[in-house]
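Working notes for the structure below.
The values are calculated or read from the model by the stated rules, or taken from the named source; none is laboratory data. Since the structure is predicted, the reported quantities are computational estimates derived from the model, not experimental observations. Every residue, glycine as well, gets a Cβ built from its backbone with ideal geometry; the counts of neighbours run over all protein chains shown.
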Amino acid sequence: MASDQDQKLGMKQHWKALSIVCLVSLSSFQYGLDFGIIGGLQAMIGFLQVFGEEAPDTPLGWNINAERQQLISSLMILGAFISSSTAGFTAKYFGRKMSLWIACVGVFISTAVMQATTEIGGLYAGRLIIGLSNGLLMTHAQLYIQECSPGKYRGFGISIFTYWVAVGSLIGTVIDNFAAKIHNRNAYIIPLEGRMDDAERALRRLRPAGWSVADELDEMKTTLAAEAQMQSSVGYRTLFQNPIDRRRTIISVLGLTAQAASGAMFIISFGTYFFEMANVGNAFENSCILTGTGVAALLFNALVITKYGRRRVMMMSGFAVCGASQLAMAIVYTIEPGTEKTGKVIVGLSVIYIVAYNALISTYAWLTGGELASQRLRSHTFGLATAIGFFGAWLTTFTAPYFINPAELGWGPKYGYIWAGSCVVTGIWVWYYLPEVKDRTLEQIDEMFEARVPARKFRKYECTGHHVALTLDEKPHADHVETQSSNGAGSEPKTSTANTTGTKL
């Protein structure tokens, strides 16, 4: 079995697949860069002079009204929500590779629009277009990584992906800090049933010498044929039509949405503005420290995730630390607002928060969204999970100005009371409902879900390698087997006629 080979071979042997994964993971850099830049711009006098208004009572002397602040920050996430929600269809008609190319063109267009405009409408349009592009980049790059990575290193691949998000955010923040001082794979995705010759060639490129490609192909054939017999049509309605797929869809969606439940978008999108309005030292320098620490946490996570990266333990620990730091931040500011001592405490707690989020939540939430979906529904399930995750992030960035803006409620750090409670609820959900699938192949995950294994028993469950027997009396004699469209190896499967023989298990 492929899983047995996984345990015997290390990164050195898997260098081809991991190199491709690292290259594709660069897609997330753009997303982080956009967040890093826009967060600092809202606290930059030059930007506020064009898109904001004078406000003598604020620390900067300038402010931006809550409505504009909402739209500037949230339109990118809204665009990402729209494009990621169509992932099932873009994967089917364009494939992973072409979707990434379309996204790159959108990035160029949106950047040109935002650089050329001094009108708020042009800025809104640019933010929406960059959001549409980022949704495609974030969704299809991760689908690519989930499906190309060996089971043992799937966590490593997603960890590198999230690392580039943080690096992009750091560079964006550094650019803002500098500006503020001046002014003030070829498609190596493994094809599915119907193109097994292509699949075999792709696997031989991806896998190391001595790897039993035949065994992995057999697992793929068995899984695909079984799923085709269970249900040949694929669409968003399919995600909820039977209890197994419904359970996997709900867990994938809630697992990925856990990122938004942590309140991270509040710190990421409004960190610099939040520091300025709370009168916390040099806001831009503090933001650089905050983001840089987060990058270091992600790099550390990439080094340990393969050996120690248990999903449940990491996420529960992360929500405990994030919730406690947000609560402490709110309490300190409530007792003694606006003082130098309080400012130092808030910066310190923010650093603790971002380290916990990047090291213990972010990577594992993305992993959950992709690896727990069934193979035939992965692009649809992950697209839906990503879309709802982006919606949660959008909701945070859209509503946060009402809480932190001095012209509205003016809560500032007291906004942490809300997110502390959210972290507690999410941590409890992880404990009861999130399965542990570290080092499991996608086929083994299918088997455990089909066997209806309770979430807390996944870790010790011993797979048989014959998970079709758990749902069918015999191996499938399928009249309908999913096959790839002619658009390329990254395409979503379509239905065609094929004969798949099998024997009684």
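A few comments on the model shown:
- Flag if residue 113 is surrounded by 15 or more Cβ atoms within 10 Å (Cβ to Cβ) and within 26 Å of residue 257 (Cα to Cα): no
- Residue check for residue 16: assigned to a loop (DSSP other than H, G, I, E, B) and either at pLDDT 75 or above or of a type in the set (D, E, K, R) (or both): no
- Tally of residues being β-branched (Val, Ile, Thr) and surrounded by fewer than 24 Cβ atoms within 10 Å (Cβ to Cβ) across segment 361-390: 1
- Selection over segment 86-106 of residues that are farther than 20 Å from residue 121 by Cβ and either in contact with a Gly (Cβ under 6 Å, 6 or more places away or on another chain) or at pLDDT 85 or above (or both) gives a count of 13.
- Within segment 404-420, if we keep just the residues that are modelled with pLDDT under 90 and hydrophobic (A, V, I, L, M, F, W, C), the residue that is surrounded by the fewest Cβ atoms within 10 Å (Cβ to Cβ) turns out to be 409.
- Listed by position, the helices (runs of 4 or more DSSP H) enclosed by segment 40-112 that each have at least 1 residues that are closer than 17 Å to residue 142 by Cβ are 66-84, 87-93.
- Cβ-Cβ under 7 Å pairs, at least 6 apart or on other chains, segment 298-311 side surrounded by 17 or more Cβ atoms within 10 Å (Cβ to Cβ), far side part of a helix (DSSP H, G or I) and of a type in the set (Phe, Trp, Tyr): 298/163; 302/156; 302/163; 305/156; 306/153; 306/156; 311/364
- A single entry from 393, 489, 469 fulfils the requirement of being part of a loop (DSSP other than H, G, I, E, B), at pLDDT below 80 and surrounded by 15 or more Cβ atoms within 10 Å (Cβ to Cβ): 489.
- Scope segment 421-441; condition crowded, with 22+ Cβ neighbours inside 10 Å, of a type in the set (A, V, I, L, M, F, W, C) and not in a loop (DSSP other than H, G, I, E, B); matching residues: 423, 430
- Check on residue 399, modelled with pLDDT of 75 or more and part of a helix (DSSP H, G or I): yes
- Candidates 297, 365, 320, 328, filtered to the one that is among the small types (Gly, Ala, Ser), modelled with pLDDT of 80 or more, in contact with a Gly (Cβ under 9 Å, 6 or more places away or on another chain) and closer than 30 Å to residue 140 by Cβ: 365
- Count - residues of segment 136-186 that are at pLDDT below 75, under 13 Å from the mean Cα position of the chain (by Cα) and of a type outside the set (Ser, Thr, Tyr): 2
- Assessment of segment 250-265 against the conditions (modelled with pLDDT under 80 and closer than 28 Å to residue 318 by Cα) yields at least one matching residue.
- Unique match (being in a helix (DSSP H, G or I) and either out of contact with any helix residue (DSSP H, G or I) (no Cβ under 8 Å at 6 or more places or on another chain) or of a type outside the set (Gly, Ala, Ser) (or both)) among 348, 292: 348
- The sole residue among 272, 339, 291 that is surrounded by fewer than 20 Cβ atoms within 10 Å (Cβ to Cβ), closer than 25 Å to residue 45 by Cα, modelled with pLDDT under 80 and polar (S, T, N, Q) is 339.
- Being modelled with pLDDT of 80 or more, aromatic (Phe, Trp, Tyr) and more than 20 Å from residue 31 (Cβ to Cβ) is a description that applies to residue 308.
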